[in-house]
Amino acid sequence: MYIKAYAKINISLDVIGKREDGYHLLEMIMQNVELYDEITLEKKTKDIEISCNKPYIPTDERNLAYKAALLFMDTYDINSGVYINIYKNIPVAAGLAGGSSNAAAVLKGMRDLFEVDATDEELMNLGLKIGADVPYCIVGGTALCKGIGEIVEPLKPFKNHIVVLVKPSFGVSTKEVYMALDINKINVHPQTREIIASMEDDDLNKTANLMRNVLENVTLRKHYILREIKREMVRFGALNSMMSGSGPTIFGFFDDILKAQKCYEALKTKYNEVFLARTI
């Protein structure tokens, strides 16, 4: 069984509070882009086996796809095993939900492979035990995500808009970014409802100008190069540029494919992981 596990970008990311258990309460607009990992699933007699084209990716219980397979088998009493091959295209520790999309793909794929009668909602509840982005990755597309990520409200598709993405040579720990975030020092919050309205009108210009990510307060302060990538994108004609998730990937929206191509080619000479994609 073959599944595409799509990357996501945040068109907005707001932190609106903190629970007693330390988890941050979020309000995020999530959007899939045409950049994906390729997941292949096969039944086997026993155990979970994972292979991957990137040697630095763990293939044991540290891998979110492994965790998803184990959780699925325990929950639905699957007695046989599964072989999972992951062909990674999405950068790692990038703020693009690569690991979470792999986990979501495995949950959905195993439902079909083992013919289990499980709803998307049930898979989302399972996914939340693995990571906060997994419920969104089960649903995909364009969505408003709230709580710690478990409340997913599908929105009108914001598809076919051109995006350039740049992942610099370092990764970022989501946990460390949230630990360093001081909610009381967030001076400007995203206008989430206005952004959703502009997306429903398919107004790329307005959406790009309104998009905001409060985690930039932490990650951009720590990594000056990210501010430089943002500026470069705008110089090449991006309507706006922003960090996705906790970073460090920077993306920019373009209304012209030739400008996007020039930006892609120029940044490709400086960074190894640069992508030209569209929203889906």
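Derivation of every value follows stated rules applied to the coordinates shown; laboratory data play no part. Quick caveat, the model's predicted, so the values are computed rather than measured. Cβ sites come from the backbone with ideal geometry, for glycine too, and all protein chains shown count toward neighbours.
Close amide H pairs (under 5 Å, H built 1.01 Å from N) link ASN213 with LEU13, residues at least 5 positions away or on another chain.
3J(HN,Hα) couplings calculated from phi for segment 57-65 with the Karplus curve 6.51 cos²θ - 1.76 cosθ + 1.60 (θ = phi - 60°) are, in sequence order, 7, x, 10, 10, 5, 6, 7, 5, 5 Hz; Gly and Pro show x.
Could you sort out which of LYS206/LYS230; LYS44/LYS167; LYS67/LYS270 sit more than 27 Å apart by Cα distance in this structure? Too far apart for the 27 Å limit: LYS44/LYS167; LYS67/LYS270. Packing order of peptides 120-130, 168-178, highest average first: 120-130, 168-178 (average count of other Cβ atoms within 10 Å over each peptide's residues).
Between segment 49-121 and segment 10-40, the C-alpha centres lie 19 angstrom from each other.
Where (1) 19.6; (2) 19.1; (3) 18.4 are the candidate values, the label of the one calculated here for Kirkwood radius over Cα pairs in Å is (2).
If you take the Cα centroid of segment 229-280 and the Cα centroid of segment 130-166, the two points sit 20 Å apart.
Couplings 3J(HN,Hα) for segment 188-197, derived from phi with the Karplus relation 6.51 cos²θ - 1.76 cosθ + 1.60 (θ = phi - 60°), are 10, 9, x, 8, 4, 5, 5, 5, 4, 4 Hz, where x marks Gly and Pro.
A helix-only calculation puts the chain at -10000 deg cm²/dmol for mean residue ellipticity at 222 nm, using -39500 (n - 2.57) for each DSSP H run of at least four residues, averaged over all residues. Remark: relative contact order (the chain) = 23 percent; criterion is Cα-Cα distance under 8 angstrom and separation of 6 or more residues. Looking at segment 2-154 alone, DSSP beta bridges between its own residues are antiparallel in about 85 percent of cases. The convex hull of the Cα atoms of segment 162-278, projected and averaged over all directions, covers 7.3 nm². Normalised by residue count, segment 2-154 yields a Cα convex hull volume of 108 Å³ per residue.
Apply the Kirkwood formula to segment 170-211: the hydrodynamic radius equals the inverse of the mean of 1/r over all pairs of different alpha-carbon atoms; give it in Å with one decimal.
After inverting the mean inverse Cα-Cα distance, the result is 12.5 Å.
Here the Karplus curve 6.51 cos²θ - 1.76 cosθ + 1.60, taken at θ = phi - 60°, turns the phi angles of segment 151-168 into couplings of 9, 10, 10, x, 10, 4, x, 10, 9, 6, 9, 7, 9, 10, 10, 10, 10, x Hz, with x standing for Gly and Pro.
The charge dipole of segment 162-278, taken about its Cα centre with unit charges on the Cβ of Lys, Arg, Asp and Glu (plus for the first two, minus for the last two), comes to roughly 480 debye. Of all DSSP bridge pairs formed entirely within the chain, close to 85 percent run antiparallel.
In terms of its C-alpha gyration tensor, segment 24-92 comes out oblate, because a/c is 1.5 or above while a/b does not outweigh b/c. Positive-end ranking of ASN102, VAL15, ALA143 along the dipole of the chain, with charges on Cβ about the Cα centre, is headed by VAL15. Computed on segment 2-154, with alpha-carbon pairs under 8 angstrom and 6+ residues apart, the relative contact order is 28 percent. Among 20-32, 99-111, 258-270, sorting by the average number of other beta carbon atoms lying within 10 angstrom of each residue, highest first, gives 99-111, 20-32, 258-270.
Its Cα centre serving as origin, the chain has a Cβ charge dipole (Lys and Arg +1, Asp and Glu -1) of approximately 1140 debye.
Of all trypsin sites (Lys or Arg not before Pro) in segment 1-80, which ones are in loop regions per DSSP and have a Cβ with at most 15 other Cβ atoms within 10 Å?
Of the trypsin sites (Lys or Arg not before Pro), the ones in loops of segment 1-80 whose Cβ has at most 15 other Cβ atoms within 10 Å are ARG19, LYS46, ARG62.
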